[in-house]
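The values are calculated or read from the model by the stated rules, or taken from the named source; none is laboratory data. It should be emphasised that the depicted structure is a prediction, and the values quoted were computed from it without experimental measurement. Heads up, the Cβs are rebuilt from the backbone with ideal geometry, glycines too, and the neighbour counts pull from every protein chain shown. These area figures cover heavy atoms from the full protein model, side chains too; ligands, DNA and RNA do not enter into them. Shrake-Rupley method; radii C 1.70, N 1.55, O 1.52, S 1.80 Å.
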Amino acid sequence: MRRWLPPLAVIAALLGLWELAARWELIADALSIEPFLVPAPSDVAESLWTDRELLAENAWVTVQEVLLGFATAVAAGVTFAVALHLSAVLRRAFYPLLIASQTVPVIAIAPILVVWLGFGIGPKLAIIALVCFFPITVNTLDGLRSVDPELPRMMRTLDATRVQILRRVEIPAALPFLFSGAKIAAVISVIGAVFGEWSGADEGLGHLILVAQGQVQTARVFAAVVVLSALAIALFGLLALLERRYGWWLPGRARTA
Amino acid sequence: MQRGTEAPVEEPRTSSRPDRGGAPASAEPTIAVAGLSHSFGTLRVIERLELELEAGELVGLVGPSGCGKSTLLELVAGLREPTAGTLRVGDQNTTSGRLAQCAYMAQRDLLLPWLAAIDNAALAPRNRGASRAEARAEAAPLFDRFGLAGFELARPAELSGGMRQRVAFLRTLLAGKPVLLLDEPFASLDAITRAEMQEWLAGALVTQARSAVLVSHDVEEALYLCDRVLVLSSRPAVVVAELAAPSPRALPRNQVVADPAFVALRERALWALQERRR
C-alpha cells in the first residue's frame, strides 16, 4: 500500500490548498474567487452527499451509455482491424478513411447525430463509439501487424489454416496492444458521453451538469464531474485488471530467445 | 541428464550408418533436390544444388554463415518456391505438398508466451482439429519421455533455454510429418547446454524413424548427430564435400567426439570449409 501514499499525499495537498484559497477570504478576495464560481472541496463533498440520489440516478444513465458505446467500439474496432489486417486491398482502401474519421470534430457533428438518431440513447452511443473506435482500431491493427513473421510461418508448418493462425497467434499477440487502445478509449468514452448528453438529453450526468450550471449550482457541477472522473477511472481500472489476466505478455516477448 | 538411450526405443538405430539393417527398403529417396537454384533479386544464394535423402536417413548441412543453408531448408519445407530446379519431398513437389510432408524447427524456439508448455507442444494436433484435452493427451507421453515431466503447465518464460528448445522439438515431432527439418536448433544456447541438448537430440532421434535434415554451422554437431554430412561453400551454395559420419550414436557425446576417426573427419570437414573460403 506504500505506493498509494505519494499520489494520495499530492491529492490531499492540492485539495487543501484549494480549500484554503476558496475559504480564506484574504486569499479568495485577493484572487477574486467567488464561491458560486469556485466551490470549496468541502462544498463539493457536501453536494456529493446531499445530491447522492440525483447523482446516482443520472450516473446510472451515463454508465449504461458508456458501457454500451464502449462495447460497440471494441466490437467494431476489433472486427475492422482484423478485416484490414487480412486484406491488403481493404487496408489500402480504408486506412486513410480511418484517419480521416478521427479528424472530424465530434462535438460539431453531435447535434446532427441527435437529429438523425433521435433524442434517446442512440446518438450518445454513436458519439461514444466514434471517439473510442479510433484508438482501439489503430492499436489492434498495429498489434496484428507487429506479430513476429516467423510465428505464422511456424504455424503453417504445423498445418494451421489462415483462421487458425489468426486465432491462435495473431489475436493473442495483439491483445496487449488492444488493451492499450481500450484503456485510452475508456478514458475518453466518458467525455464522449458528456458531449452526447449536451447535444440533447433529459437525463445523465452531462445533462445534470448543464442544468446545474444554469442554476449556478457550481458545487453540484463539480460533484457530477467527480462522479464522471470516478467512472472513467473505474473503467480504466477494470481494463487494467483484464489486461493483467489476458494480455500480460510483453509485446515482442516472443521475439527474444 | 537425459541420455537418449534411456528412452524407450521404437525403432533402434544403434548400429547407425548406411547399411541400416531395419530401414524400410524404398527405392525412391525421401527428398530429391535436383539442379536447385535460388536467388533473392540479383543475389544468388543457391546454385544448381543436388541432394538426395533416403528414407530414415539423417543428413547434416554445414557451411559458413550466410551461405544459404536456411534458405535451402525453407525451400525444402515448402515455405518458399525455388527460382529454378526441382524439389520433391515424398511424392510432393508443390509448396503446399511439401509443407504437408515436412516438420520444420527454426533456430529460435518460437514458443507462444501465452500458452503453457504442453499447449505449445500440442499446436499441430490442435490445428488438425483435436480438442485441447485430446491434444494434451497426445503430447503428455512425450513430456515424460523427453525429460520435461512436471513442466507441462509451465509458461515458456519459466523454462530454461534448453527446455524451451526441447518443447519446440516436441512441437515439431507432434506435427507427425515423415521429414524433420532442423535449422540450427541449438545455435542460441550456451556451449554446455548445447552439448547436453545434442546428446539429448541424438537419443530422441534414435526413437524416431524419420528422415531428418539438420542445418548447422557447427561441424562437430553435424557429425555427431547425422549419418552423412554435406559441406556447403559460401554463397552461392554448392556441395564441396560429403562425409559419412563414423560412430555409433548410442555412445556418450564426449566419447564420440574424442574418437580419433571422428577427429579426423572433423578436420576434413573444417578443411573443406576453409578451402572454399579462399
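Please list, ordered by residue number, the helices (runs of 4 or more DSSP H) wholly in segment B:25-138 having 3 or more residues that are touching a residue at least 24 places away in the same chain (Cβ under 8 Å).
The helices (runs of 4 or more DSSP H) meeting that bar are B:69-77, B:117-121, B:123-127.
Which residues, counting only those in segment B:48-76, are at pLDDT 85 or above and among the small types (Gly, Ala, Ser)?
Listed by number, the list holds a single entry, B:Gly60.
Among residues belonging to segment B:90-128 that are within 13 Å of another protein chain (Cβ to nearest Cβ) and open to solvent by 60 Å² or more (accessible area, probe 1.4 Å), point out the one that is nearest to the chain's Cα centre (by Cα).
By that ranking, first place goes to B:Gln107.
Looking at (1) over 18 Å from A:Ser189 (Cα atoms); (2) touching a residue at least 40 places away in the same chain (Cβ under 8 Å), which is the only condition A:Lys124 fails?
For A:Lys124, the failing item is (1).
With (1) within 14 Å of chain B (Cβ to nearest Cβ); (2) surrounded by fewer than 18 Cβ atoms within 10 Å (Cβ to Cβ); (3) of a type outside the set (Val, Ile, Thr) as the list, and A:Leu178 as the residue in question, which single condition is left unmet?
All conditions are met except number (2).
Give the residues of segment A:127-154 that are open to solvent by less than 30 Å² (accessible area, probe 1.4 Å) and over 30 Å from B:Pro113 (Cβ atoms), sorted by residue number.
Result: A:Ile127, A:Ile128, A:Ala129, A:Val131.
With the structure loaded, tell me whether A:Thr157 is open to solvent by less than 20 Å² (accessible area, probe 1.4 Å), within 14 Å of chain B (Cβ to nearest Cβ) and either over 22 Å from A:Ala240 (Cα atoms) or modelled with pLDDT of 90 or more (or both) or whether it fails that test.
Yes: the conditions hold for A:Thr157.
Would you mind stating whether A:Val106 is within 30 Å of A:Leu144 (Cβ to Cβ), crowded, with 16+ Cβ neighbours inside 10 Å and touching a Phe, Trp or Tyr at 6+ places or on another chain (Cβ under 7 Å)? It would help to see each step written out before you state the result.
On the way: within 30 Å of A:Leu144 (Cβ to Cβ): yes; crowded, with 16+ Cβ neighbours inside 10 Å: yes; touching a Phe, Trp or Tyr at 6+ places or on another chain (Cβ under 7 Å): yes.
So A:Val106 passes the test.
Pairs under 6 Å by beta carbon, first residue part of a loop (DSSP other than H, G, I, E, B) in segment A:207-236, partner surrounded by fewer than 20 Cβ atoms within 10 Å (Cβ to Cβ) and at pLDDT below 90, six or more apart or different chains?
Correct list of pairs: A:Val216/A:Phe36.
Is it the case, given these coordinates, that B:Pro178 is within 22 Å of A:Asp159 (Cβ to Cβ), of a type outside the set (A, V, I, L, M) and open to solvent by 30 Å² or more (accessible area, probe 1.4 Å)?
yes
Yes or no: B:Pro260 of a type outside the set (D, E, K, R), modelled with pLDDT under 75 and open to solvent by 10 Å² or more (accessible area, probe 1.4 Å)?
Taking the combined requirement at face value, the residue does not satisfy it.
Search segment A:41-52 for residues that are within 18 Å of A:Ala28 (Cβ to Cβ) and pair each with any residue that is charged (D, E, K, R) when their beta-carbon atoms are under 8 Å apart and the residues are at least 6 apart or on different chains.
As it stands, the answer is A:Pro41/A:Glu19; A:Ser42/A:Glu19; A:Ser42/A:Arg23, since those pairs meet every condition given.
Does A:Leu228 count as in contact with a Leu (Cβ under 6 Å, 6 or more places away or on another chain) and buried (at least 17 other Cβ atoms within 10 Å of the Cβ)?
The answer is yes for A:Leu228.
Criterion first (closer than 22 Å to A:Pro123 by Cα, open to solvent by 60 Å² or more (accessible area, probe 1.4 Å), among the charged types (D, E, K, R) and part of a helix (DSSP H, G or I)) does A:Glu65 satisfy it?
no
What's the total number of residues in segment B:132-144 that are within 14 Å of another protein chain (Cβ to nearest Cβ) and either loosely packed, with under 15 Cβ neighbours inside 10 Å or within 20 Å of the chain's Cα centre (by Cα) (or both)?
Count: 2.
Which of the residues belonging to segment A:109-121 are open to solvent by 30 Å² or more (accessible area, probe 1.4 Å) and either assigned to a helix (DSSP H, G or I) or among the β-branched types (Val, Ile, Thr) (or both)?
A:Ile109, A:Pro111, A:Ile112, A:Val115, A:Trp116, A:Leu117, A:Ile121
Looking at A:Ala173, is it touching a residue at least 24 places away in the same chain (Cβ under 8 Å), closer than 30 Å to B:Leu182 by Cα and either within 14 Å of chain B (Cβ to nearest Cβ) or not charged (D, E, K, R) (or both)?
Yes.
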